[in-house]
Amino acid sequence: MSDTMKAVRLHTFGGPEVLVYEDAPKPELQPGDVLVRVRAVGLNPPDWYLRDGYRMLPPEWRPQVSFPLIPGTDVSGVVAAVAGDVGTVSVGDEVYAMVRFPAGLAGGSRAYAEYVGVPASEVARKPAGIDHPHAAAAPMSLLTAWQFLIALGHDEPNPLQPNQHRPVPLEGRTVLVNGAAGGAGHLALQLARWQGARVIAVASGRHEALLRDLGADEVIDYTTTRPEDVVRGVDLVIDAVGGPATGRFLKTLKRGGALFPIFPLGFDAADEAKELGVTVSATQVRSNGAQLAEIGRLLDDGTIRVVIDSRFPLAEARKAHERAAEGHVQGKIVLTVD
């Protein structure tokens, strides 16, 4: 077997043009790991944050990287080898995973490749009812929605706030999802509905048919209506866009409600939130094979659907990043690996 593989690597930071499809060393099997022959890769915002040198983070938060590096975290594929201390999966098993996140923020996840080594604890059997591209599209976005809404799944300190994030009850509550057509948003919408919530989806109007099909009770087209001007008294806002503007949703919440910004950096309305009696909370998504196994049953039986915006061959990762930069992505972008 060859000791090289095809991969997409970075030799410098920059735009999509710095993604280079080339030969790279095949990963060596480490204790506790499984070697996965990758069939599909799901794209996520940390992929372009890394490619860009994490310029959106404060300088002291930017991880130190060593070039060349292989970006990417989300994979679906077939187990090619297992370390001697791994007994949970076998060669030939179809699996999916979010690889070493957030530990791999500096490029240690290495998913844009024909092969990737994955800690066995981060791997789960691929849901039989979906194909590799849909499975690869799921892990980071679905684990994000799950850990925000259903179960945190770990007791690691939260780097974003002093207190641990805590999901809130959803059954019978009204939930607003901003960015509801995007990767984490369209899955948060479905999880909230699965838990018995009434869901208001905020997105561009061109996504309305999809969002209603996914279970949205109401759709607000942000291009014509500002949701903070028309919505009042909701129990929870999931802001899948986040950033400095997330504070605008405080006025939509009832006292005792909660605002969960998936990208919390830049939020500076803590005093207003306290005055309104609103909890603002976020968390850092973390790899978790056990949760992917649990979630996999929902993907398998169609309770939760992953929507794919577009697919590109691994060799065209640059075009996939260009598609992401255009915005208005419906669901997820996927790379396929022959």
Hey, any hits in the stretch 159-172 for a residue that's in the same structural domain as L276 (by TED's automatic domain parsing), closer than 21 Å to G42 by Cβ and in a loop (DSSP other than H, G, I, E, B)?
no
Scanning the stretch 182-205 residue by residue, those among the aliphatic types (A, V, I, L, M) and assigned to a helix (DSSP H, G or I) turn out to be A184, L187, A188, L189, L191, A192
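Criterion first (assigned to a loop (DSSP other than H, G, I, E, B) and buried (at least 16 other Cβ atoms within 10 Å of the Cβ)) does P31 satisfy it? Let's see the steps before the verdict.
Working: assigned to a loop (DSSP other than H, G, I, E, B): yes; buried (at least 16 other Cβ atoms within 10 Å of the Cβ): no.
No.
Closer than 14 Å to A7 by Cα and either in a strand (DSSP E or B) or in contact (Cβ under 8 Å) with a residue 40 or more places away in the chain (or both), is that true of G77?
So G77 fails the test.
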### Query
Among the residues of the stretch 125-134, is there at least one that is at pLDDT below 95 and either outside any strand (DSSP E or B) or out of contact with any strand residue (DSSP E or B) (no Cβ under 8 Å at 6 or more places or on another chain) (or both)?
no
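Results for (1) among the acidic types (D, E); (2) within 15 Å of the chain's Cα centre (by Cα), shown as yes or no for each residue.
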site: D93; (1), (2): yes, no
site: G108; (1), (2): no, no
site: E114; (1), (2): yes, no
site: A128; (1), (2): no, no
site: H132; (1), (2): no, no
site: A135; (1), (2): no, yes
Checked against (1) crowded, with 16+ Cβ neighbours inside 10 Å; (2) over 18 Å from the mean Cα position of the chain (by Cα), K251 satisfies every condition except (1)
**Report entry** Filter result for H134 (in contact (Cβ under 8 Å) with a residue 24 or more places away in the chain, under 21 Å from T303 (Cβ atoms) and not aliphatic (A, V, I, L, M))
**Finding:** yes
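Going through the stretch 63-82 one residue at a time, which ones are closer than 12 Å to G107 by Cβ and over 13 Å from the mean Cα position of the chain (by Cα)? Show your work before the answer.
First, pick out the residues of the stretch 63-82 that are closer than 12 Å to G107 by Cβ: 63-73.
If the condition is that a residue be closer than 12 Å to G107 by Cβ and over 13 Å from the mean Cα position of the chain (by Cα), then P63, Q64, V65, S66, F67, P68, L69, I70, P71 are the ones that fit.
Residues are listed down the side, and each one gets a yes or a no for (1) assigned to a helix (DSSP H, G or I); (2) at pLDDT 95 or above; (3) crowded, with 17+ Cβ neighbours inside 10 Å:
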residue: H207; (1), (2), (3): yes, yes, yes
residue: L211; (1), (2), (3): yes, yes, yes
residue: A216; (1), (2), (3): no, yes, yes
residue: I220; (1), (2), (3): no, yes, yes
residue: T225; (1), (2), (3): no, yes, no
residue: E228; (1), (2), (3): yes, yes, yes
residue: V237; (1), (2), (3): no, yes, yes
residue: V241; (1), (2), (3): no, yes, yes
In the stretch 54-87, anything among the acidic types (D, E) and buried (at least 18 other Cβ atoms within 10 Å of the Cβ) is listed as D74
The residue from V34, V20, V41 that alone is of a type in the set (A, V, I, L, M), under 21 Å from E326 (Cα atoms) and touching a helix residue (DSSP H, G or I) at 6+ places or on another chain (Cβ under 6 Å) is V41
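The values are calculated or read from the model by the stated rules, or taken from the named source; none is laboratory data. As the structure is a prediction and not an experimental result, all values here were calculated from the model. Cβ atoms come from the backbone with ideal geometry, glycine included; neighbour counts cover every protein chain shown.
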